[in-house]
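Please read the structure below before turning to the comments.
The values are calculated or read from the model by the stated rules, or taken from the named source; none is laboratory data. All of these numbers come straight from a predicted model, not from anything done at the bench. Cβ placement follows ideal geometry from the backbone for every residue including glycine, while neighbour counts extend to all protein chains displayed.
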Amino acid sequence: MKTKVKVQSKNPNGFKNYSKSIEKELKRNLRIAGMMVRNTAVQSILSGGKSGKVYEKYNPRRTHRASGEGQAPASDTGFLASNIVLSKINDQDMSIEVESRAEYSEFLEYGTQNMKARPFMFPALEENKPKIRRMFKQTRGKAK
């Protein structure tokens, strides 16, 4: 089960209303915005002190500190962080998706009956929204 977040420009006509030079810049902005969200999600997994329980894992033997409720997941093998990727830009709705392809990412993002959520994708999107909005406002200002 994958987890996705979508960065989308609010324009129902896609790229049709823009000149080729502005369209190119908007697509560039979408890629940058997607990378910002991806990098923030990865960073939240790989860094920061976690406050969950500490336990022993085997194969290989190691001590692991889990994340606490509401914190981004704690990295153990790096698999989750390495499986957060960008999809292609969608020309119809001017969007790009950032997706976690780890099979267990949905359980972490939303939680389960037995575990509270350890969100990492939506907080990354929320953290970057102001920067992304400013970036698109500047580009749209050039289009007028």
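List of remarks:
- Tally, over the range 117-144, of residues that are more than 17 Å from residue 80 (Cβ to Cβ) and either in a loop (DSSP other than H, G, I, E, B) or of a type in the set (Phe, Trp, Tyr) (or both): 2
- Residue tally, condition touching a residue at least 24 places away in the same chain (Cβ under 8 Å) and part of a strand (DSSP E or B), over the range 77-116: 9
- Matching residues, the range 81-98, being of a type outside the set (S, T, N, Q), out of contact with any helix residue (DSSP H, G or I) (no Cβ under 6 Å at 6 or more places or on another chain) and at pLDDT 95 or above: 85
- For the range 10-52, filtered to residues that are within 14 Å of residue 91 (Cα to Cα) and either at pLDDT 95 or above or touching a strand residue (DSSP E or B) at 6+ places or on another chain (Cβ under 7 Å) (or both), the residue that is surrounded by the most Cβ atoms within 10 Å (Cβ to Cβ) is 30.
- Residues that are of a type in the set (Ser, Thr, Tyr) and either more than 15 Å from residue 100 (Cβ to Cβ) or without any contact (Cβ under 8 Å) to a residue 40 or more places away in the chain (or both) within the range 41-66 comprise 47, 51, 55, 58, 63, listed in sequence order.
- Test: residue in the range 130-138 that is surrounded by 15 or more Cβ atoms within 10 Å (Cβ to Cβ), among the aromatic types (Phe, Trp, Tyr) and modelled with pLDDT under 95: yes
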